[in-house]
């Protein structure tokens, strides 16, 4: 599959996208189809916590593939698929029986079936390879897959299977959803949960079986789980997750095909898995809300806010002691109050200055502005209210409450503040006999 | 009450065993219509198992359950089930309204899609538990109490006359507790029958009409005033039930089926 002989002198990396080589079209179609179906069905496997089952089933397919060949002597895709499906099913039933009727737990049963079936498969494969049967050439490709060996008939079979599987998901979406979320409830409303679960297991088996030729038994589970795990990062809606997971699977299939087109020594299946893993890594990092980057940014914002609020409160305290709320305070003094390095302090002060809460004097000192006094008063109020609450309601010693209040003052909402005030009867002093600044709407307490 | 009408739930000589060890022995009980029933007993007394046995979610070693006079298997849809909140993974990608809509799935034909009326009933049910404003919220972002209310709304959406609830009051906030109590009273007013697995003995007389005391076997069942007595409570919680547990343990070890 090399475009060098073509009339137009396009470089290979561009020539791929003309899709004019029938072989390229065929392999691309096969990989994309298997990516879509494995991705879509993998969502249910993942949500039902059956991801490992996919791996065990994929490995369990190998003896079936070999046995089908030994019995018929052909590598006809339908026969091989039937052998793989039968073998997967035997494995699935074995797992179910072992975990139900013996003391062996399900995950151990998975491991047992995976290795025993895979071992048996390798045994048969070795036997076939030494049997001198010329037709067996290429059977070992089922281990890691060889997409470039796919023929019309293979892709045709794959397309029909993929279409049936996607149709099944669309048709039984509602049933699959409720069985994945709450199987006991599904049974209680009279749904045939046994059949629905069998259908889901069958689809998983099929999704694995159709990918064996291109991706192989060792790696196929990755195509089932990775796109689904990636999709979960981007959406909280099952329907969208299934679509997205299918799209990620298709994308991985296309990338795998593309890479192996550019470098003819590059295997398609493993590259599909690498592509799926890259998609997952990108999701893990960059997905909004759940992604690592988003979480780090959120934490940074919270840390900055805490630092700013701490400085405001320190300046407020300084004002209280000096008897004038806008009393200036030097950097050195601030650093004595707050365990902060000079660099962080400077940046925090610069931000506060920018927001008009703090102003810098000509002598390098800092003081609260009017708005700064207001914010500082509120924070001090929350801090002291919480200290009072801890000592009065939870009977914690006054010398133990400061550190807690230091944290809580940053997260108390106005609603919580109102409840605190009500619980404490609108107090005027904290446990250390310091004045609690009055709240914005609070009437003055009658003495 | 009309005496000729069959009771919502009748349990005859019910025994349930897990792996040959009986966890419920010979339970005989009839839940009367329009009653709020507390099912109480110590941990491991078989309260959840009783509910699951009535719903057909666990195999019966012996006995039978009838619902409005018919075998439970045929008319299972007449009973709405509120499972324990911890029984599902709340990180599932779905919204509160979507979960409530699942209460309608038993009324929609297999492979059919929910109709406008189903959505309407789901919204209405969510509203009844005071959760309509959270309809589109992802369920993992709800508090424990809110999740519990979503489960209750799902049962309401089934629009049935019998409700079985497994510890709906466990670990909920005050607002949710109030909402559940109001809901229970509302259901009683409509003549529904509700059996609730309940842990807080103090609130039994306030919230319920009848009480079922359970500890591997049924200790007592009847109106709260006459049944919820110190003597019965001692029988339920006090004695260690040595003989019964010991025999059960023996059966398990020797792998005898409890009468099968």
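FYI, it's all coordinate maths here, none of it is from the lab. Because the structure is predicted, anything quoted here is derived from the model rather than measured. Cβ: placed from backbone, ideal geometry, glycine included. Neighbour counts: every protein chain shown.
Residues considered: A:424, A:191, A:26. Largest GNM mean-square fluctuation over chain A, using C-alpha springs under 10 Å, is found at A:424. Peptide B:130-138 has a mean of 1 when you count, residue by residue, the C-beta atoms of other protein chains within 10 Å of its C-beta.
Report the relative contact order of chain B, percent, no decimals, based on alpha-carbon pairs under 8 angstrom and at least 6 residues apart. The partial results should precede the final answer.
Numbers: 477 pairs, mean separation 72.6, N = 260.
Once divided by the residue count of chain B, the mean separation gives 28 percent.
Rg and Dmax over the alpha-carbon atoms of region A:1-137 stand at 19.8, 67 Å. Mean residue ellipticity at 222 nm, helices only, chain B: -9000 deg cm²/dmol; runs of at least 4 DSSP H residues each add -39,500 (n - 2.57), and the sum is divided by the number of residues. Among A:193, A:369, A:157, the largest mean-square fluctuation in a Gaussian network model of chain A (Cα springs under 10 Å) belongs to A:369. Computed from Cα positions, the angle between helix B:116-128 and the longest principal axis of chain B comes to roughly 70 degrees.
The equivalent ellipsoid of region A:131-226 has semi-axes of 34, 14, 11 Å, largest first, where each one is the square root of 5 times an eigenvalue of the Cα gyration tensor.
Could you work out the relative contact order of region A:10-290, using alpha carbon pairs under 8 angstrom and six or more residues apart, expressed as a whole percent?
Numbers: 437 pairs, mean separation 92.0, N = 281.
It rounds to 33 percent for region A:10-290.
Note the angle between two axes, namely the Cα long axis of helix B:144-156 and the longest principal axis of the Cα atoms of chain B, as a number of degrees from 0 to 90, rounded to the nearest 10. Result, in degrees: 90. Springs join every pair of Cα atoms under 10 Å in this Gaussian network model of chain A, and among A:275, A:109, A:377 the largest mean-square fluctuation is at A:377. Projected over every direction and averaged, the convex hull enclosing the alpha-carbon atoms of region B:11-70 yields 4.3 nm².
Residue order for A:286, B:169, fewest other beta carbons within 10 angstrom first, comes to A:286, B:169. Inter-chain Cβ neighbour count for A:177-183, averaged per residue, equals 6 (cutoff 10 Å, partner chain atoms only). Modelled spin labels at residue A:359 and residue A:281, positioned 7 Å past Cα toward Cβ, are 5.3 nm from each other. Secondary-structure-derived ellipticity at 222 nm for chain A, considering helices only, amounts to -23000 deg cm²/dmol, per-run term -39500 (n - 2.57) for DSSP H runs with n ≥ 4.
What percent do you get for the relative contact order of region A:294-368 when only Cα pairs under 8 Å and 6+ apart count? Write out the running numbers ahead of the final one.
Details: 62 pairs, mean separation 25.1, N = 75.
Averaging sequence separation for qualifying contacts and normalising by length gives 34 percent for region A:294-368.
The share of Cα pairs per 5 Å bin across region A:10-290, counted from zero up to the longest distance, runs 1, 6, 13, 17, 18, 17, 13, 8, 4, 2, 1, 0, 0 percent. Considering only Cα atoms, the convex hull volume of region A:294-368 works out to 84 Å³ per residue. Rounded to the nearest 10 degrees, the angle from helix A:370-393 to the longest Cα principal axis of chain A is 80 degrees.
Per the Debye formula on identical point scatterers at the alpha carbon atoms of the protein assembly as shown, with no solvent, log10 I(q)/I(0) at q = 0.09, 0.10 Å⁻¹ is -1.00, -1.09.
Sorting A:416, A:47 by the number of Cβ atoms found within 10 Å of their own Cβ, with the fewest placed first, yields A:416, A:47. Each part gets one Cα centre, and for region B:121-168 versus region A:100-151 those centres are 48 Å apart.
Peptide B:78-90 is shielded by partner chain Cβ atoms: per residue, an average of 3 of them sit within 10 Å of its Cβ. Cβ crowding within 10 Å ranks A:195, A:245, A:131 as A:131, A:195, A:245, fewest other Cβ atoms first.
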